[in-house]
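No value in this document is a laboratory result; all are computed from the given coordinates. All of these numbers come straight from a predicted model, not from anything done at the bench. All Cβ positions, even for glycine, are placed from backbone atoms using ideal geometry, and neighbour counts span all protein chains on display.
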Amino acid sequence: MVSHGRDRKRRAGRIGKVKIKTFRTWTRWNPKPKFGDKRVKQHWDTNKSPSANLASMGLLALPNDLHNSHQSSTPIQRTTATVVELFDIPESDKPSYKSRFPLSKEDEMYMAKCMAKWGDDYASMFRDIKTNEMQHTENQLRKMGSRYLLLTPSQRRVPVPENIQPLLPGNGSANFED
């Protein structure tokens, strides 16, 4: 008797799938929920719905529907919140290594070597397989090159080649101010 490709269908997963029963995926509403706040526990009424309980305490069950609910006749009392001043925000202890050195030392040496030969001509830099030995794409080289040019003197660990000195910010030609 011919099986008409039954093994192939079984291996492909078209027959013999086990159906998972999806009963008990819901949970019953607990009329006596556990609260961490004593005031909420004190004002909670088990005979009311959760949204009615929250409304009796002056809270919204669905805060995203605030702009849609125009049926509320009582005006919402707004309190004046204190604005956090800049001196109230604590400074971080020290900057991370990544923020201190956006490029690794190897990447800096790599970009210095590529830029020493090609300047800011990223298309030629991309096609040169001797200096671009990592085979970075033109966009990757452009991104690394812009990071290399934007390094501050304290972040720079490799000397800048002579031919790209005018491209550095603060040297006149790289200023984009109008």
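Cross-link partners for residue 98 among the lysines, with Cα-Cα distance under 27 Å and sequence neighbours closer than 8 places in the same chain left out: 113, 143. Sorting 32-44, 155-167 by average packing, meaning the other beta carbons within 10 Å per residue, from highest down gives 155-167, 32-44.
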